[in-house]
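Structure first, commentary second.
The values are calculated or read from the model by the stated rules, or taken from the named source; none is laboratory data. What you are looking at is a predicted structure, and each value in this text was computed from that prediction instead of being measured. Ideal geometry is used to build each Cβ from the backbone, glycine not excepted, and the neighbour counts take in all protein chains shown. Ligands, DNA and RNA are excluded from the accessible area calculation, which covers all protein heavy atoms including side chains. Shrake-Rupley method; radii C 1.70, N 1.55, O 1.52, S 1.80 Å.
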Amino acid sequence: MTDNKKIIRGAGGPPSPPPPRQPTRTPDTLHSKQFATFLDLISEGEIEGSASASKEGITDKTSTAYTNAYLKDVFLNDTPILKATATSASPETTDFNYQDVTFNSRFGTSNQTKIDGIESSSSITPVGVTVTAATPVTRQITNTNVDRVKVSITFPQIQKATDEGDLLGSTVQYKISVQYNSGGFTDLHTDTVTGRTADQYQKDFSVLITGAFPVDIRVSRITADSTSSSLIDSFQWTSLSEIVDDASTYANSAYNSIRLDSQQFSSIPRRKFRIRGIKVRIPGAGASSSGTPTVDNATGRIVYPSGYIFNGVMGSAVYTNCPAMVLLDLLTNTRYGFGDHITDSNLDLFSFVTASKYANTLVDDGFGSTEARFSCNVNIQSSN
């Protein structure tokens, strides 16, 4: 006898509806930036400058390569702005440990020029006008003492709502133009803002005044205005700052300026500089055509020609870490030394040169190479 047992299972009713679609929200990617500018006094007197640039043999201090090499010697919170392995002539973006850094340097010469962009005083004028595609906004500057202006643009929000409840971003393009003495407008900045933010987003633009007054500044919207309440992307020209820059050149003082994006730091960063310091005199061309001393760029050591005969004539000031020449400079310099009381005629220069030759003689460094017998690398910050 066979007992067949069959189990029949089933489900009744219509299939369940799919779950409701969840609205999407584009991430808030727009954040206002603030920048801080620092002036750092490096030294009294003319310095050689960047240690890395000197070692790399870069002599043109106005070149981009020199500035990049110097950034290897600028440390923010003990981290160099540019990695030591970077190619100074053309570094990659990934070689920079910090972004949006503007760096300028002066080397302490008597005829050096000022660093542009260092604010001395500022007068802020509210504008508070929404800029539309049909109606650009223009403001005039008549104060002939103004060196540059800062244009502040503010977006209350940038976002687009869809019928499905999504919140998306948008793109707005605008430009800033300048006109000198009614001579016609020239476009200076064309900016495109892309993203979403539900909060206020602000950008500042600096305009350097380079022509005749009166000066007209104009802000124009390039992107068409929104005609839907679901798209919010209007912006205002909120304020105009008339800035008078610091005109001081700080002659005979070496100093640097650094402009930083404050978003990268939670507090004012510590700033350190690796430099080759004050230039000092070294012995000049020797007697009886015995040659002229030079300085090894890699080490700062004075290289004396074989058979060099000092004739009492000192040469021009260069960088060296020779202790005898550093001491001679401190004794005879009239700005930071005893030069008002001691001159070359009061000293035995021949003894200084003898000491210098001894100090710069190559000796075993203990690691299979050679180095100068003595060198002097000091940072004197007090008269005591």
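General remarks:
- The number of residues in region 27-75 being open to solvent by 50 Å² or more (accessible area, probe 1.4 Å) and aromatic (Phe, Trp, Tyr) comes to 1.
- The set of residues in region 291-305 that are over 21 Å from Ser351 (Cβ atoms) and part of a loop (DSSP other than H, G, I, E, B) comprises Asp296, Asn297, Ala298, Thr299, Gly300.
- Criterion violated by Arg335 - all others in (1) within 16 Å of Ile47 (Cα to Cα); (2) open to solvent by 70 Å² or more (accessible area, probe 1.4 Å); (3) in contact with a helix residue (DSSP H, G or I) (Cβ under 8 Å, 6 or more places away or on another chain); (4) of a type outside the set (Gly, Ala, Ser) satisfied: (3)
- Consider region 152-182 and keep the residues that are without any contact (Cβ under 8 Å) to a residue 40 or more places away in the chain and assigned to a strand (DSSP E or B). The one that is most open to solvent (accessible area, probe 1.4 Å) is Tyr180.
- Pairs are defined by a Cβ separation below 8 Å, a sequence spacing of at least 6 or placement on different chains, a first member in region 115-141 that is within 15 Å of Ala247 (Cβ to Cβ) and modelled with pLDDT under 95, and a second member that is assigned to a loop (DSSP other than H, G, I, E, B) and open to solvent by 60 Å² or more (accessible area, probe 1.4 Å); the pairs so defined are Ser120/Ala247.
- Count of residues meeting criterion [surrounded by 13 or more Cβ atoms within 10 Å (Cβ to Cβ), farther than 11 Å from Ile302 by Cβ and touching a residue at least 24 places away in the same chain (Cβ under 8 Å)] in region 344-353: 3
- The residues of region 98-151 that are under 23 Å from Tyr180 (Cα atoms), within 20 Å of the chain's Cα centre (by Cα) and open to solvent by 80 Å² or more (accessible area, probe 1.4 Å), listed by number, are Asp116, Glu119.
- Filter result for Asp187 (over 30 Å from Gln22 (Cβ atoms), open to solvent by 50 Å² or more (accessible area, probe 1.4 Å) and part of a strand (DSSP E or B)): yes
- Scanning region 197-232 for residues that are open to solvent by 70 Å² or more (accessible area, probe 1.4 Å) and either free of Cβ contacts under 8 Å to residues at least 40 places away in the same chain or under 29 Å from the mean Cα position of the chain (by Cα) (or both) yields Gln200, Asp204, Leu208, Thr210, Thr227, Ser229.
- Counted residues, region 340-380 - those being in contact with a Leu (Cβ under 8 Å, 6 or more places away or on another chain) and more than 16 Å from Asp329 (Cβ to Cβ): 4
- Test: residue in region 112-129 that is over 30 Å from Trp237 (Cβ atoms) and part of a loop (DSSP other than H, G, I, E, B): yes
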